[in-house]
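Visitor: I have a structure here, written as structure tokens, and I will follow up with some questions on it.
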Amino acid sequence: MGRDLTLFMVDWERLSAIPVESRIRRFDDMAWPWELDDVYDSTNEQADGWLWPPGSAPAWCAEYSFFTTTGAYVPHARAGAAWADMRPLVDAPAREAMDSFLGGLIWDAGQADEPAASGGGGVFPPAADRWHPHVLLVCLPEAVADKARAWERVEPCLGELSGPFAAECEGWAGRPDTLENFVALLREWGGVVTDAARRGWGLVGLP
């Protein structure tokens, strides 16, 4: 079975109050809606993709449901690999902005087809082994703010990716099927970091 990506926008102050060894379990408890079938209301899932927990208590995290994927991690890994392929052909200003935006989300410098899983950076317990990582990404609030600013520079440059994508990725297995699919996923990530930065929150991705 393939790996999934469950992405959360997180109030870091509230997360910091939870013991490190208990944090993954708390996220598992907050993953909706399978344990809330009796109270789950589809109106909780907003048009912007964020799913908030039911109830009146202030929420400390929200789960994002990607429109362009089925929850699988593969499209994100393929997009990261596509960027690694095409970035030498992209002009420096757009390349630097995209590196800042995608780095630590779905791409890391030197990655091959499979991006290196995050070790959690002390926010979560270390992974037992590299094949079963506890977390896929950890992005602190200050890093999210940087990525939101990078996205503001990336978005106007998306048209510049057409030629590099055609040259390095189009028709290749293990890459996004089309430039449109690649850009659509980038725009979703742009919305994610923008929303999280607006709140001053971080991001956590679990398999």
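A short reminder: the numbers here are calculations on the coordinates, not readings from a lab. This is a predicted model, so every value here is computed, not measured. Positions of Cβ are backbone-derived with ideal geometry, glycine not excepted, and every protein chain shown enters the neighbour counts.
Visitor: Wrap a convex hull around the Cα atoms of region 168-207, take a quarter of its surface area, and give that in square nanometres.
Guide: For the Cα atoms of region 168-207, the hull's average projected area reads 3.8 nm².
Visitor: Further question on the same structure: I need the calculated FRET efficiency for the pair A166 and E96, taking r as the beta carbon distance and R₀ as 30 Å, to the nearest 0.05.
Guide: With a Förster radius of 30 Å, E is 0.85.
Visitor: Add +1 for every Lys or Arg and -1 for every Asp or Glu among the other residues with Cβ under 14 Å from the Cβ of G163, and state the total.
Guide: Local net charge: -3.
Visitor: Karplus couplings for region 65-81 from phi (6.51 cos²θ - 1.76 cosθ + 1.60, θ = phi - 60°), rounded to Hz, Gly and Pro as x?
Guide: Result, ordered by residue: 9, 5, 6, 8, 9, 9, x, 6, 7, 3, x, 6, 4, 5, 5, x, 5 Hz.
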